[in-house]
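Written out below as C-alpha coordinates is the structure these notes cover.
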Amino acid sequence: MLQPLNVGSLTLSNRIVFAPLTRMRAATDGVPNDMMATYYAQRSDVGLIVTEGTYPSQAGMKYVHGPGIINGAQQAGWKKVADAVHNHGGTIVMQLMHAGFSTHEKITGEKVIAASAVDHEGFLRDAEGNDVHYETPEPVAAADIPGIVDEFVAAATRALDAGLDGVEVHSANGYLLHQFLSPHTNLREDNYGGSPAARARLTAEVTRAIADAVGADKVGIRLSPGITMSGVTEDDPEDIYATYQALMKTIAPLKLAYVSILHRDPNDKTVAMIRDSAQAHGTAVFFNDFSFGPTARPEGVATNVAARAEEHYAHGAGDAIAIGRMVGANPSFVHKLTQGLALNVPDPTTFYTHDAAGYIDYP
Ligand SMILES: Cc1cc2nc3c(=O)[nH]c(=O)nc-3n(C[C@H](O)[C@H](O)[C@H](O)COP(=O)(O)O)c2cc1C
(Lines give C-alpha, C1' and ligand atoms only; values in the text may rest on other atoms or scores of the structure.)
Protein backbone atom coordinates (compact mmCIF):
# COMPACT_ATOMS: atom_id res chain seq x y z
CA MET A 1 0.00 0.00 0.00
CA LEU A 2 3.01 2.29 0.21
CA GLN A 3 3.55 2.05 -3.54
CA PRO A 4 2.37 4.93 -5.75
CA LEU A 5 -0.87 4.63 -7.68
CA ASN A 6 -2.02 6.40 -10.82
CA VAL A 7 -5.58 7.62 -10.45
CA GLY A 8 -6.65 9.34 -13.67
CA SER A 9 -4.36 12.35 -14.05
CA LEU A 10 -3.24 12.11 -10.42
CA THR A 11 -0.24 10.26 -9.05
CA LEU A 12 -0.85 9.19 -5.48
CA SER A 13 2.27 8.64 -3.41
CA ASN A 14 0.60 5.70 -1.63
CA ARG A 15 -2.71 3.82 -1.52
CA ILE A 16 -4.19 5.33 1.61
CA VAL A 17 -6.94 7.86 0.95
CA PHE A 18 -8.37 10.26 3.51
CA ALA A 19 -12.15 9.74 3.27
CA PRO A 20 -14.29 12.89 3.33
CA LEU A 21 -15.08 14.10 6.85
CA THR A 22 -17.39 17.02 7.53
CA ARG A 23 -15.82 19.03 10.37
CA MET A 24 -17.72 22.31 10.28
CA ARG A 25 -14.74 24.60 10.86
CA ALA A 26 -15.57 27.09 8.10
CA ALA A 27 -17.05 30.48 8.90
CA THR A 28 -20.83 30.85 8.53
CA ASP A 29 -20.21 32.25 5.05
CA GLY A 30 -18.75 28.88 3.99
CA VAL A 31 -15.29 30.35 3.36
CA PRO A 32 -12.44 27.94 4.26
CA ASN A 33 -10.07 29.51 6.78
CA ASP A 34 -6.42 29.14 7.80
CA MET A 35 -7.34 26.49 10.38
CA MET A 36 -8.68 24.30 7.59
CA ALA A 37 -5.50 24.81 5.55
CA THR A 38 -3.47 23.68 8.57
CA TYR A 39 -5.71 20.66 9.17
CA TYR A 40 -5.48 19.37 5.61
CA ALA A 41 -1.75 20.12 5.36
CA GLN A 42 -1.16 18.07 8.53
CA ARG A 43 -2.74 15.08 6.79
CA SER A 44 -1.04 15.45 3.40
CA ASP A 45 1.13 12.33 3.62
CA VAL A 46 -1.80 10.14 2.60
CA GLY A 47 -1.91 9.37 -1.13
CA LEU A 48 -5.05 11.44 -1.61
CA ILE A 49 -7.14 13.77 0.54
CA VAL A 50 -10.83 13.97 -0.26
CA THR A 51 -12.22 17.12 1.35
CA GLU A 52 -15.30 17.28 3.48
CA GLY A 53 -18.58 17.60 1.60
CA THR A 54 -18.69 21.07 0.02
CA TYR A 55 -21.88 22.69 -1.26
CA PRO A 56 -22.13 23.37 -5.00
CA SER A 57 -25.18 25.63 -4.66
CA GLN A 58 -26.88 27.66 -1.95
CA ALA A 59 -29.81 25.23 -1.82
CA GLY A 60 -27.35 22.35 -1.47
CA MET A 61 -25.78 23.69 1.74
CA LYS A 62 -26.31 21.38 4.71
CA TYR A 63 -24.40 22.86 7.62
CA VAL A 64 -24.06 26.45 8.78
CA HIS A 65 -20.30 25.98 9.24
CA GLY A 66 -19.76 23.73 6.24
CA PRO A 67 -17.67 25.07 3.37
CA GLY A 68 -19.02 26.00 -0.06
CA ILE A 69 -17.62 26.52 -3.54
CA ILE A 70 -20.14 28.91 -5.04
CA ASN A 71 -18.39 32.30 -5.00
CA GLY A 72 -15.00 33.95 -5.28
CA ALA A 73 -14.40 34.24 -1.54
CA GLN A 74 -14.95 30.51 -1.03
CA GLN A 75 -12.75 29.75 -4.02
CA ALA A 76 -9.98 31.94 -2.55
CA GLY A 77 -10.32 30.12 0.78
CA TRP A 78 -9.96 26.77 -0.95
CA LYS A 79 -6.88 28.04 -2.80
CA LYS A 80 -5.17 28.48 0.57
CA VAL A 81 -6.10 24.90 1.47
CA ALA A 82 -4.87 23.49 -1.86
CA ASP A 83 -1.63 25.48 -1.68
CA ALA A 84 -0.96 24.29 1.87
CA VAL A 85 -1.49 20.65 0.90
CA HIS A 86 0.66 20.97 -2.23
CA ASN A 87 3.43 22.68 -0.24
CA HIS A 88 3.47 19.56 1.93
CA GLY A 89 3.63 17.24 -1.09
CA GLY A 90 -0.01 16.16 -0.92
CA THR A 91 -2.83 15.71 -3.43
CA ILE A 92 -6.37 16.91 -2.76
CA VAL A 93 -9.76 16.62 -4.45
CA MET A 94 -12.98 18.30 -3.39
CA GLN A 95 -16.13 16.39 -2.56
CA LEU A 96 -19.17 18.13 -4.09
CA MET A 97 -22.13 17.48 -1.82
CA HIS A 98 -25.65 18.76 -2.49
CA ALA A 99 -27.82 18.18 0.59
CA GLY A 100 -31.14 17.80 -1.24
CA PHE A 101 -33.76 17.30 1.50
CA SER A 102 -31.11 16.97 4.19
CA THR A 103 -31.19 20.68 5.06
CA HIS A 104 -33.61 23.47 5.98
CA GLU A 105 -34.77 26.83 4.64
CA LYS A 106 -33.48 28.40 7.87
CA ILE A 107 -29.99 27.25 6.86
CA THR A 108 -30.00 27.88 3.12
CA GLY A 109 -32.52 30.71 2.81
CA GLU A 110 -33.92 28.76 -0.11
CA LYS A 111 -36.64 26.18 -0.58
CA VAL A 112 -35.62 22.62 0.21
CA ILE A 113 -35.53 20.43 -2.89
CA ALA A 114 -35.35 16.70 -3.52
CA ALA A 115 -36.42 14.09 -6.05
CA SER A 116 -39.88 13.85 -4.47
CA ALA A 117 -41.90 15.27 -1.58
CA VAL A 118 -40.90 12.52 0.84
CA ASP A 119 -40.61 13.35 4.53
CA HIS A 120 -37.42 12.69 6.42
CA GLU A 121 -37.10 12.11 10.14
CA GLY A 122 -34.70 14.00 12.32
CA PHE A 123 -33.39 17.41 13.28
CA LEU A 124 -30.59 19.72 12.32
CA ARG A 125 -29.16 22.94 13.70
CA ASP A 126 -29.94 26.36 12.22
CA ALA A 127 -27.75 29.48 12.29
CA GLU A 128 -29.04 30.47 15.75
CA GLY A 129 -28.16 27.07 17.15
CA ASN A 130 -31.78 25.92 17.37
CA ASP A 131 -32.81 22.41 16.40
CA VAL A 132 -35.18 22.42 13.47
CA HIS A 133 -37.10 19.49 12.06
CA TYR A 134 -36.50 18.57 8.43
CA GLU A 135 -39.11 20.05 6.10
CA THR A 136 -41.03 18.27 3.40
CA PRO A 137 -38.97 19.00 0.28
CA GLU A 138 -40.25 20.31 -3.01
CA PRO A 139 -39.73 17.95 -5.93
CA VAL A 140 -37.26 19.39 -8.43
CA ALA A 141 -39.16 20.41 -11.56
CA ALA A 142 -37.84 18.62 -14.63
CA ALA A 143 -37.15 22.03 -16.18
CA ASP A 144 -34.86 22.88 -13.23
CA ILE A 145 -32.65 19.80 -13.55
CA PRO A 146 -30.29 21.29 -16.16
CA GLY A 147 -29.73 24.18 -13.74
CA ILE A 148 -28.69 21.76 -10.98
CA VAL A 149 -26.28 20.04 -13.36
CA ASP A 150 -24.86 23.46 -14.30
CA GLU A 151 -24.35 24.33 -10.62
CA PHE A 152 -22.31 21.15 -10.11
CA VAL A 153 -20.23 21.97 -13.19
CA ALA A 154 -19.62 25.55 -12.05
CA ALA A 155 -18.58 24.28 -8.61
CA ALA A 156 -16.21 21.70 -10.12
CA THR A 157 -14.66 24.36 -12.35
CA ARG A 158 -14.17 26.66 -9.34
CA ALA A 159 -12.55 23.82 -7.40
CA LEU A 160 -10.04 23.25 -10.19
CA ASP A 161 -9.50 27.00 -10.55
CA ALA A 162 -8.78 27.11 -6.82
CA GLY A 163 -5.96 24.66 -7.44
CA LEU A 164 -7.52 21.44 -6.20
CA ASP A 165 -6.42 18.38 -8.14
CA GLY A 166 -9.89 17.09 -8.91
CA VAL A 167 -13.43 16.64 -7.63
CA GLU A 168 -15.52 13.83 -6.19
CA VAL A 169 -19.23 13.65 -6.99
CA HIS A 170 -21.09 12.73 -3.80
CA SER A 171 -23.77 10.27 -4.83
CA ALA A 172 -23.84 8.46 -1.49
CA ASN A 173 -24.89 8.70 2.15
CA GLY A 174 -28.37 10.10 1.68
CA TYR A 175 -27.66 13.34 -0.19
CA LEU A 176 -29.42 14.72 -3.27
CA LEU A 177 -28.02 12.35 -5.88
CA HIS A 178 -28.56 9.35 -3.61
CA GLN A 179 -32.12 10.57 -3.00
CA PHE A 180 -32.67 10.22 -6.74
CA LEU A 181 -31.16 6.69 -6.79
CA SER A 182 -33.41 5.18 -4.14
CA PRO A 183 -36.96 4.07 -5.01
CA HIS A 184 -38.09 5.11 -1.52
CA THR A 185 -37.18 8.77 -1.94
CA ASN A 186 -37.60 9.01 -5.71
CA LEU A 187 -41.29 8.62 -6.63
CA ARG A 188 -41.02 10.59 -9.86
CA GLU A 189 -42.87 9.62 -12.99
CA ASP A 190 -40.72 11.55 -15.45
CA ASN A 191 -37.37 10.59 -17.04
CA TYR A 192 -35.65 10.84 -13.65
CA GLY A 193 -37.76 8.31 -11.76
CA GLY A 194 -39.25 4.85 -12.02
CA SER A 195 -36.81 2.41 -13.59
CA PRO A 196 -33.30 1.89 -12.21
CA ALA A 197 -31.85 3.62 -15.26
CA ALA A 198 -34.14 6.61 -14.81
CA ARG A 199 -33.30 6.95 -11.11
CA ALA A 200 -29.60 6.78 -11.98
CA ARG A 201 -29.98 9.44 -14.68
CA LEU A 202 -29.28 12.55 -12.58
CA THR A 203 -26.09 11.13 -11.07
CA ALA A 204 -24.98 10.09 -14.54
CA GLU A 205 -25.77 13.50 -16.07
CA VAL A 206 -23.98 15.39 -13.30
CA THR A 207 -20.94 13.13 -13.55
CA ARG A 208 -20.77 13.29 -17.33
CA ALA A 209 -21.17 17.09 -17.40
CA ILE A 210 -18.41 17.57 -14.84
CA ALA A 211 -16.15 15.14 -16.71
CA ASP A 212 -16.79 17.04 -19.96
CA ALA A 213 -15.94 20.32 -18.25
CA VAL A 214 -12.80 19.44 -16.28
CA GLY A 215 -11.66 16.09 -17.71
CA ALA A 216 -12.80 12.64 -16.57
CA ASP A 217 -9.26 11.94 -15.36
CA LYS A 218 -9.84 14.48 -12.57
CA VAL A 219 -13.26 13.22 -11.49
CA GLY A 220 -14.19 10.59 -8.93
CA ILE A 221 -17.55 9.51 -7.58
CA ARG A 222 -18.64 8.22 -4.19
CA LEU A 223 -21.25 5.46 -3.94
CA SER A 224 -22.75 3.68 -0.94
CA PRO A 225 -24.96 0.93 -2.40
CA GLY A 226 -27.38 -0.50 0.12
CA ILE A 227 -26.32 1.82 2.91
CA THR A 228 -29.35 3.33 4.59
CA MET A 229 -28.41 6.76 5.86
CA SER A 230 -29.75 10.27 6.37
CA GLY A 231 -33.26 9.48 5.25
CA VAL A 232 -32.39 7.37 2.22
CA THR A 233 -33.17 3.67 2.31
CA GLU A 234 -31.91 1.03 -0.10
CA ASP A 235 -33.17 -2.34 1.06
CA ASP A 236 -34.01 -4.48 -1.96
CA PRO A 237 -30.87 -6.32 -3.13
CA GLU A 238 -32.21 -6.88 -6.66
CA ASP A 239 -33.13 -3.24 -7.10
CA ILE A 240 -29.85 -2.06 -5.60
CA TYR A 241 -27.93 -4.21 -8.06
CA ALA A 242 -30.02 -3.07 -11.01
CA THR A 243 -29.77 0.60 -10.08
CA TYR A 244 -26.00 0.65 -9.67
CA GLN A 245 -25.57 -1.53 -12.73
CA ALA A 246 -27.54 1.00 -14.77
CA LEU A 247 -25.41 3.77 -13.30
CA MET A 248 -22.11 2.03 -14.03
CA LYS A 249 -23.26 1.26 -17.59
CA THR A 250 -23.47 5.00 -18.23
CA ILE A 251 -20.54 6.30 -16.18
CA ALA A 252 -17.92 3.54 -16.49
CA PRO A 253 -17.27 4.36 -20.19
CA LEU A 254 -16.40 7.93 -19.12
CA LYS A 255 -13.17 6.46 -17.70
CA LEU A 256 -13.36 8.40 -14.47
CA ALA A 257 -10.33 8.74 -12.22
CA TYR A 258 -11.91 6.69 -9.45
CA VAL A 259 -14.99 5.21 -7.83
CA SER A 260 -15.00 5.32 -4.03
CA ILE A 261 -17.21 2.65 -2.50
CA LEU A 262 -18.50 2.81 1.06
CA HIS A 263 -19.79 -0.57 2.24
CA ARG A 264 -19.56 -3.15 5.00
CA ASP A 265 -18.71 -6.04 2.70
CA PRO A 266 -16.11 -5.84 -0.08
CA ASN A 267 -17.51 -9.11 -1.48
CA ASP A 268 -21.09 -7.87 -1.72
CA LYS A 269 -22.51 -8.62 -5.18
CA THR A 270 -23.20 -4.97 -6.05
CA VAL A 271 -19.83 -3.83 -4.71
CA ALA A 272 -18.09 -6.46 -6.84
CA MET A 273 -20.06 -5.40 -9.93
CA ILE A 274 -19.13 -1.73 -9.42
CA ARG A 275 -15.49 -2.62 -8.82
CA ASP A 276 -15.27 -4.86 -11.90
CA SER A 277 -17.02 -2.34 -14.10
CA ALA A 278 -14.76 0.52 -12.97
CA GLN A 279 -11.52 -1.43 -13.21
CA ALA A 280 -12.43 -2.76 -16.67
CA HIS A 281 -12.36 0.88 -17.81
CA GLY A 282 -9.08 1.73 -16.08
CA THR A 283 -10.84 3.52 -13.23
CA ALA A 284 -9.28 3.10 -9.79
CA VAL A 285 -11.45 1.81 -6.96
CA PHE A 286 -11.26 2.98 -3.35
CA PHE A 287 -12.86 0.90 -0.64
CA ASN A 288 -14.01 2.43 2.66
CA ASP A 289 -15.03 -0.09 5.31
CA PHE A 290 -18.37 0.92 6.78
CA SER A 291 -18.49 -1.90 9.36
CA PHE A 292 -18.30 0.59 12.17
CA GLY A 293 -20.93 2.93 10.80
CA PRO A 294 -20.82 6.68 10.60
CA THR A 295 -21.74 7.37 14.19
CA ALA A 296 -19.98 9.56 16.70
CA ARG A 297 -19.69 6.72 19.22
CA PRO A 298 -16.11 6.12 20.39
CA GLU A 299 -16.65 2.38 20.13
CA GLY A 300 -17.67 2.95 16.52
CA VAL A 301 -14.13 3.58 15.33
CA ALA A 302 -11.77 0.88 14.12
CA THR A 303 -8.51 1.69 15.86
CA ASN A 304 -6.82 -1.35 14.28
CA VAL A 305 -7.29 0.48 11.05
CA ALA A 306 -3.93 -0.40 9.47
CA ALA A 307 -4.47 -4.14 9.80
CA ARG A 308 -8.00 -3.89 8.45
CA ALA A 309 -6.88 -1.75 5.54
CA GLU A 310 -4.10 -4.18 4.66
CA GLU A 311 -6.51 -7.08 4.79
CA HIS A 312 -8.97 -5.36 2.45
CA TYR A 313 -6.16 -4.38 0.12
CA ALA A 314 -4.70 -7.89 0.10
CA HIS A 315 -8.10 -9.30 -0.82
CA GLY A 316 -8.53 -6.85 -3.69
CA ALA A 317 -11.31 -4.77 -2.15
CA GLY A 318 -9.86 -1.74 -3.88
CA ASP A 319 -6.78 -0.24 -5.52
CA ALA A 320 -6.61 2.04 -2.49
CA ILE A 321 -8.30 2.05 0.90
CA ALA A 322 -10.15 5.11 2.17
CA ILE A 323 -10.03 5.81 5.89
CA GLY A 324 -11.94 8.57 7.64
CA ARG A 325 -11.85 9.09 11.37
CA MET A 326 -8.43 7.64 12.14
CA VAL A 327 -6.80 9.95 9.60
CA GLY A 328 -8.87 12.80 11.01
CA ALA A 329 -7.31 12.12 14.42
CA ASN A 330 -3.79 11.57 13.13
CA PRO A 331 -1.56 14.12 11.45
CA SER A 332 1.24 12.36 9.53
CA PHE A 333 -0.86 9.20 9.48
CA VAL A 334 1.30 7.33 6.96
CA HIS A 335 4.49 8.30 8.76
CA LYS A 336 3.02 6.94 11.99
CA LEU A 337 2.09 3.65 10.31
CA THR A 338 5.47 3.16 8.70
CA GLN A 339 7.31 4.01 11.92
CA GLY A 340 4.99 1.90 14.06
CA LEU A 341 4.07 4.93 16.16
CA ALA A 342 0.98 4.95 18.35
CA LEU A 343 -2.15 6.37 16.76
CA ASN A 344 -4.40 8.93 18.46
CA VAL A 345 -8.00 7.82 19.02
CA PRO A 346 -10.61 10.21 17.59
CA ASP A 347 -12.63 12.32 20.02
CA PRO A 348 -16.20 12.31 18.68
CA THR A 349 -17.23 15.22 20.92
CA THR A 350 -15.15 17.54 18.71
CA PHE A 351 -16.24 16.20 15.32
CA TYR A 352 -18.69 19.04 14.73
CA THR A 353 -17.42 21.87 16.93
CA HIS A 354 -16.02 25.02 15.36
CA ASP A 355 -12.61 25.68 16.89
CA ALA A 356 -9.07 24.29 16.90
CA ALA A 357 -9.63 21.80 19.74
CA GLY A 358 -9.91 18.26 18.41
CA TYR A 359 -9.12 19.59 14.95
CA ILE A 360 -5.57 20.81 14.52
CA ASP A 361 -4.21 19.97 17.99
CA TYR A 362 -3.96 16.18 17.68
CA PRO A 363 -0.29 15.25 18.20
C1 LIG B 1 -17.63 13.27 11.53
C2 LIG B 1 -17.90 12.59 10.22
C3 LIG B 1 -18.12 13.35 9.09
C4 LIG B 1 -18.33 12.75 7.84
N5 LIG B 1 -18.51 13.54 6.74
C6 LIG B 1 -18.63 12.97 5.51
C7 LIG B 1 -18.73 13.79 4.34
O8 LIG B 1 -18.69 15.04 4.38
N9 LIG B 1 -18.87 13.15 3.15
C10 LIG B 1 -18.91 11.78 3.05
O11 LIG B 1 -19.04 11.26 1.95
N12 LIG B 1 -18.79 10.99 4.14
C13 LIG B 1 -18.64 11.55 5.36
N14 LIG B 1 -18.49 10.74 6.46
C15 LIG B 1 -18.31 9.28 6.29
C16 LIG B 1 -16.80 8.95 6.26
O17 LIG B 1 -16.20 9.40 5.06
C18 LIG B 1 -16.52 7.43 6.37
O19 LIG B 1 -17.16 6.81 5.30
C20 LIG B 1 -17.01 6.81 7.66
O21 LIG B 1 -16.58 7.59 8.78
C22 LIG B 1 -16.50 5.35 7.83
O23 LIG B 1 -15.08 5.31 7.70
P24 LIG B 1 -14.10 5.32 8.99
O25 LIG B 1 -14.56 4.23 9.91
O26 LIG B 1 -12.73 5.09 8.42
O27 LIG B 1 -14.24 6.68 9.62
C28 LIG B 1 -18.34 11.33 7.72
C29 LIG B 1 -18.14 10.56 8.88
C30 LIG B 1 -17.92 11.17 10.11
C31 LIG B 1 -17.68 10.30 11.32
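For region 13-74 and region 308-363, what is the separation of their C-alpha centers, rounded to whole Å?
Here the answer is 16 Å between Cα centres.
D for the chain, whole µm²/s, Stokes-Einstein with Kirkwood Rh over alpha-carbon pairs at 37 °C and 0.692 mPa s: what number?
Here the translational diffusion coefficient equals 163 µm²/s.
Under a 1.4 Å probe, what is the accessible area of region 1-135 per residue, stated in Å²?
Heavy-atom accessible area per residue stands at 35 Å².
For region 184-330, restrict the atom set to alpha-carbon positions and state the Rg and Dmax in Å.
Spelled out, the Cα radius of gyration and Dmax of region 184-330 are 15.8, 47 Å.
Please give me, ordered by residue number, the GluC sites (Glu not before Pro) of region 163-267 that lie in loop per DSSP and have at most 14 other Cβ atoms within 10 Å.
Qualifying residues, ordered by number: Glu189.
Can you count the Lys pairs in region 5-350 whose Cα atoms are under 18 Å apart, with each pair 8 or more apart or on different chains?
For region 5-350, qualifying lysine pairs total 5.
State the percentage of accessible surface on region 68-154 attributable to carbon and sulfur atoms; use a 1.4 Å probe and exclude ligands, DNA and RNA.
Result for region 68-154: 49 percent of the exposed heavy-atom area is carbon or sulfur.
May I ask you to derive the relative contact order of the chain, considering only C-alpha pairs under 8 Å and at least 6 residues apart, and to give it as an integer percent?
With pairs under 8 Å counted, the relative contact order is 17 percent.
Which order do the peptides 280-288, 44-52, 93-101, 126-134 take when ranked by the mean count of other beta-carbon atoms within 10 Å per residue, highest first?
The packing order, highest mean first, is 93-101, 44-52, 280-288, 126-134.
The values are calculated or read from the model by the stated rules, or taken from the named source; none is laboratory data. No experiment lies behind these values; they were computed from the predicted model shown. For neighbour counting, all protein chains shown are included, and Cβ atoms are generated from backbone atoms with ideal geometry for every residue, glycine included. These accessible areas exclude ligands, DNA and RNA; they are computed on the full protein's heavy atoms, side chains included. Shrake-Rupley method; radii C 1.70, N 1.55, O 1.52, S 1.80 Å.
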